[in-house]
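Encoded as structure tokens, the structure appears first; notes follow it.
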Amino acid sequence: MEVSFAMDLHARLAKLDPTRITFITDHLRKLFNSKHKETDIRALISFFSNPNNKPQIKHAHNLEDILMSHPQTHPILPFTEQCPVCNITLNSDNTRTKEVSVYTDSGQVLPVIECWRTPIRHSLHCEIHQNSRYSTEVTPVTSTNKRHNLRKRKLQRQRDWHPKKNIFFGATDCNTNKSKSESYVNKCSRSFGLLAMVSNCKIIISYAEIFRSETLREIVQLLLNTIRIAGDAFPKIACYDDGCHLVRYVHKNVGKLIVDTPASNVLKSTRFYIDKSHFKNHVGDWCKKNMSPYSNHDLDLINIQRAEQCFAWLKRYAAIISSLGWMRAPLYLLILFHYKNLSTCHVRPTKHFNIDDLVPNVSNISLSH
């Protein structure tokens, strides 16, 4: 009876399955409470595989429960018994297995690796395979934690191999630098946008066009020109989304790249913070300690997102500004910002006032300031 069971199960299993002998031996031990070894089963199958040595007595065995113990795995036999490349006879000793799932769609067979359907949200499986033996409720969480720990260990190894430098202000730990590379700048033949200074009461104070990229030099130039006109009216506190690099650049280059003037000293004494929407992107220790907008209570009741809101409003005019060209676009922006300020202050656009007495005459300063 054991011989008939082993031969029946051998006939149902794939001949190139490398676990075939182990599978037959394990179930033979469980069903008949025997102590057969794999070598015995291999010799028995080899002997009775000869047509002249078939067992005379056959018993009908219910193999469905045994074969369906792993219902998701069905070995697929190759189309040939001999390798077409090296001419080696294929057997279970040189078999390499790979799990492939086969699905049908309107009668057409679709062979894919694993399942071809899109997994549902917060899961690694589709709707059909949610209750499969590979799916558990804690699998997505465990997988996410493993990926998080793997990234954490990788970053730690990078810090160990690359010791942290003693950087001025510790500001460059934040990867928020907006300046573009020379290769990117040289390929562009258009404007890079605008820089604008906006007060917390929605008044557009000054603006300038970005000619290369949003570099710190252009921002410092705009600030210095505005300080030269505003004088003592220039605010003592300001917010900029890359304020840590700006503070580092100003304190490091006043008297070197930046000429030591009263305007540069005012800029150096101005207290800069990061606005709340961009502060989450700053990871530097010095930046978190000194540039946080939540550390100064003077900013609690102030809307420090006015510049972002102003650019959201200006974006509606992007198509018009782009079509005007480099000569007319600055004048259009000057008039547009002037009418925007009048609307904010509830002043009629037809009101006349002496602009010569209000705007100081400062050399080398454009009208936009």
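The values are calculated or read from the model by the stated rules, or taken from the named source; none is laboratory data. Given the structure is predicted, the values throughout are model-derived calculations rather than measurements. So basically every Cβ, Gly included, is an ideal-geometry build from the backbone, and we count neighbours across all protein chains shown. Each accessible area value is taken on the protein alone, full model and side chains, heavy atoms only, with ligands, DNA and RNA left out. Shrake-Rupley method; radii C 1.70, N 1.55, O 1.52, S 1.80 Å.
Summary table
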| read-out | value |
| --- | --- |
| One residue from 301, 246, 324, 342 being farther than 25 Å from residue 220 by Cβ, within 35 Å of the chain's Cα centre (by Cα) and not polar (S, T, N, Q) | 301 |
| Top-ranked residue in the range 330-354 [being in contact (Cβ under 8 Å) with a residue 40 or more places away in the chain and not charged (D, E, K, R); ranked as nearest to residue 203 (Cα to Cα)] | 341 |
| Condition met for residue 304 (in contact with a strand residue (DSSP E or B) (Cβ under 6 Å, 6 or more places away or on another chain) and of a type in the set (A, V, I, L, M, F, W, C)) | yes |
| Restricting the range 31-42 to residues that are modelled with pLDDT of 80 or more and over 11 Å from residue 6 (Cβ atoms), the residue that is least open to solvent (accessible area, probe 1.4 Å) | 38 |
| Filtered residue count, the range 282-305, keeping only those that are exposed (fewer than 15 other Cβ atoms within 10 Å of the Cβ) and without any contact (Cβ under 8 Å) to a residue 24 or more places away in the chain | 6 |
| Positions within the range 309-346 being in contact with a Phe, Trp or Tyr (Cβ under 9 Å, 6 or more places away or on another chain) and among the β-branched types (Val, Ile, Thr), in sequence order | 320, 321 |
| Residues being under 21 Å from residue 319 (Cα atoms) and open to solvent by less than 80 Å² (accessible area, probe 1.4 Å) - total across the range 333-360 | 6 |
